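The values are calculated or read from the model by the stated rules, or taken from the named source; none is laboratory data. From a predicted model like this one, the values you see are computed outputs, not experimental measurements. Heads up, the Cβs are rebuilt from the backbone with ideal geometry, glycines too, and the neighbour counts pull from every protein chain shown. Heads up: the accessible areas ignore ligands, DNA and RNA and are worked out on the full protein's heavy atoms, side chains in. Shrake-Rupley method; radii C 1.70, N 1.55, O 1.52, S 1.80 Å.
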Amino acid sequence: MSLQKTIRLAAVLLALSSVVALPAHAAESKDMIQLQQQVQDLQNAVAKLQQSNDERMGVLKDLVQQTADSVNKMSVVVNGLQLRMQNVQDASTAKNDQLSGQIQSLNDSLDELKARMGRMEKALTDIQNQQATANAILNNLPGTGATPTPGQPLPAPGVSSTTAPGSVLPTRQAAALGSSVGDLYKTAYSDYMAGKYPLAASEFNNLVTTYSDDNLAGNAYFYLGEIDVKGQKLTSAVKNYDQVLERYPDNAKIPSAHLHKGEALIAMKNPEAGTRELHTLIQRFPNSPEATQARTKLAALTVHK
């Protein structure tokens, strides 16, 4: 528009100059008419150019509007895809959590089976000891060839079978044995599975105090951490998981301790430390089920950022 005004102003000035100069330059009127015609032609060309520009602007506006509509549709599609991905992610997380629970239950059953095997080995050892004691008693019988009558107690080692009737035979004093680590663990684990968390915590604490060097103490620390998580005592839970990780490097609960410690740290609003713990788990046990859960957890954290 400014160019057109400028041209029109120039045309007016030329027309005025031609009028002023008419008396003095009548001979040049023909040239002035031609100049005016040229100015008119120029104005017409400018008008056509303006109209063409307006038409092009209209086309561009239509294209911009169509592009905006396409972008909006694409945005709706992308949002739908993100929602579907989130739903799939949530479903996968739920399945992984369920799988983790099943694996945890299998691990617990394996621990209980190991404890039972330990008790069976102890019972077998006791039977063997009793058999050895009986054999020793038989070997210490006098060489008279006499055998005890049914119901008659065997003589104690070093005591003759000819002891006068009515005399008191010496007896073996058995040492009072406390519960084994396997018994303590089985009792505590049974109470934990029954939901008796305060009682189970007391029993697990008794186990780690009495048998701190036994590998089952690592399991006990793990379940103390689990009980703390259920009670929302996350700081204490992290400390118990650390006991497993730092003191029992060969314990089967190491991968689960890494995973649950990382989850506890994230729940404590410390995602950096939690993420590091999950990465440590993946690095140490890349093919474990816990590492799969850790990857899912990290992916979920990335989506929600």
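Tabulated data
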| item | result |
| --- | --- |
| Highest-first arrangement of 257-268, 284-295, 222-233, where packing means the average Cβ count within 10 Å | 257-268, 222-233, 284-295 |
| From phi via Karplus (6.51, -1.76, 1.60), per-residue ³J(HN,Hα) for region 260-268 in Hz, x at Gly/Pro | 6, 5, x, 5, 5, 5, 5, 5, 7 |
| Computed accessible area, K95, all protein chains, 1.4 angstrom probe, square angstrom | 140 |
| 1.4 Å probe accessible area per residue over region 24-74, in Å² | 84 |
| R0 of 41 Å, Cβ-Cβ distance A94-T133: FRET efficiency to nearest 0.05 | 0.10 |
| Mean Cβ count within 10 Å, highest first, over the residues of peptides 30-36, 215-221, 61-67 | 215-221, 30-36, 61-67 |
| By accessible area with a 1.4 Å probe, ligands and nucleic acids excluded, highest first: order of Y185, Y197 | Y197, Y185 |
| Solvent-accessible area per residue, Å², over region 218-278 with all protein chains present [probe radius 1.4 Å] | 42 |
